[in-house]
Amino acid sequence: MSREPVAVVGIGQTKHAAARRDVSLAGLVREAAVRALEDAGLSWADTDAVVLGKAPDFFEGVMMPELHLADALGAVGKPVLRVHTAGSVGGSTALVAADLVAARVHRTVLAVAFEKQSESNAMWGLSLPVPFQQPLLAGAGGFFAPHVRAYMRRSGAPASVGSLVAYKDRRNALKNPWAHLHEDGLTLERVQSSPMLWDPVRYSETCPSSDGACAMVLTDRRGAARAPHPPGWVHGGAMRSEPTLFAGKDFVSPRAGRDCAAEVYRQAGVTDPRREIDAAELYVPFSWYEPMWLENLGFAAEGEGWKLTVSGATELDGELPVNPSGGVLSTNPIGASGLIRFAEAALQVRGRAGEHQVDGARKALGHAYGGGAQFFSMWVVGDELPTT
């Protein structure tokens, strides 16, 4: 039996912030879900199942929070699934929901991903004790900074590249009303003079810690035909993983990322991503990962990703806009960050991205990674029904 085409007909986000003390965890996820349902022109009764995603439970200090969220999400008496693939979980959540529709298990599925980091301490949660992680690290930045330095040595990239990415993404965030960081008056010089946290990653080149949620309504062809706004169609989606540590692992360009991208492009019929993808929402929590992922995902040859950044190609008005929304560098509720990337890609092809809309965007990539660059999830969405 052929797979049912999957459409994104509703998208909702919260206003992301360092601390959303005005709502409980249930109130936070409901805020995003209500907006997604309104966008889709649906009610709670119209959803057949709910798929929830978040990063490790110790980020809030609440064990299995999904168990008390059924009421808030209209899920009483319906199937509820929890997804967890570390930082890539938001993307994985969308893919699980899409597969339920594609397999005709359910017709309309609500996908929700969330994090309320203000209620715990992600830095502590990401600083694993010996023998599980080498000492002298502090959070994710301490783990990834050596990989950035390896990329700089391998590619010959100048030290200024990271600040260019951060400056671009923070300016893009000013056009996105849901973004956490709105740094009016930001200058490149201010980014470059910010304190060094993990050499070569500076304070302004790293992601914030955010409270927030994102929701998405996915449905079949009949549901898309009834939607009040143009849908975004899923052209391809895949997940891949590999161990955190193993002999010969390439931390600069993990094989799981390359394989995941290759599978998504195969499904979507993309043979030249640089030319065929109109916008990309990449999971870039530290600015240097833009050029690194551009190479990993096939947009640039090995050692050439940083040249795309320097040339301006990844600017909002460039030939390959990367993170028009401001990206993870501007908004990072970890469990939701991947779903935001997928949702923002869908907004682009639906023509509903507001001030950060890329002109003429017809095909977009959503990308997420997590753990020690070991979990990857990606999708390509388009403005037309896929032909295969």
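The values are calculated or read from the model by the stated rules, or taken from the named source; none is laboratory data. What you see is a predicted model, and the numbers here were worked out from it, not measured in a lab. For neighbour counting, all protein chains shown are included, and Cβ atoms are generated from backbone atoms with ideal geometry for every residue, glycine included. Just the protein is used for accessible areas: all its heavy atoms, side chains included, with ligands, DNA and RNA removed. Shrake-Rupley method; radii C 1.70, N 1.55, O 1.52, S 1.80 Å.
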note = Checked the range 292-313 for anything open to solvent by less than 10 Å² (accessible area, probe 1.4 Å) and farther than 19 Å from TYR151 by Cα; matches are ALA313
ask   = Is the range 20-38 home to any residue that is within 21 Å of ASP99 (Cβ to Cβ) and open to solvent by 20 Å² or more (accessible area, probe 1.4 Å)?
value = no
task = Might you check whether a residue that is of a type in the set (Phe, Trp, Tyr), at pLDDT 95 or above and more than 28 Å from GLY141 (Cβ to Cβ) occurs anywhere in the range 301-316?
result = no
key: Pair list, Cβ under 9 Å, 6 or more apart: the range 46-67 residue on the phi > 0 side of the Ramachandran plot, other residue open to solvent by 10 Å² or more (accessible area, probe 1.4 Å)   = GLY61/GLU119; GLY61/SER120; GLY61/ASN121; MET64/ASP57; MET64/ARG82
request  = Could you check LEU52 against (1) at pLDDT 95 or above; (2) within 25 Å of TRP379 (Cα to Cα); (3) open to solvent by 30 Å² or more (accessible area, probe 1.4 Å) and say which number it fails?
outcome  = (3)
Residues of the range 185-234 satisfying the condition of being open to solvent by 30 Å² or more (accessible area, probe 1.4 Å), of a type outside the set (Val, Ile, Thr), at negative phi and not in a helix (DSSP H, G or I) = SER193, PRO195, MET196, LEU197, TRP198, ASP199, ARG202, CYS207, SER209, PRO228, HIS229, PRO230
ask   = Can VAL62 be described as out of contact with any Gly (no Cβ under 6 Å at 6 or more places or on another chain), open to solvent by 30 Å² or more (accessible area, probe 1.4 Å) and β-branched (Val, Ile, Thr)?
value = yes
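Taking the range 324-362, which residues are surrounded by fewer than 24 Cβ atoms within 10 Å (Cβ to Cβ) and either more than 16 Å from GLN13 (Cα to Cα) or out of contact with any helix residue (DSSP H, G or I) (no Cβ under 7 Å at 6 or more places or on another chain) (or both)?
Initial filter on the range 324-362 (surrounded by fewer than 24 Cβ atoms within 10 Å (Cβ to Cβ)): 351-362.
The answer is GLY351, ARG352, GLY354, GLU355, GLN357, VAL358, ASP359, GLY360, ALA361, ARG362.
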inquiry  = For the range 366-383, check the following and say yes or no: at least one residue is in contact with an Asp or Glu (Cβ under 6 Å, 6 or more places away or on another chain) and buried (at least 24 other Cβ atoms within 10 Å of the Cβ).
reply    = yes
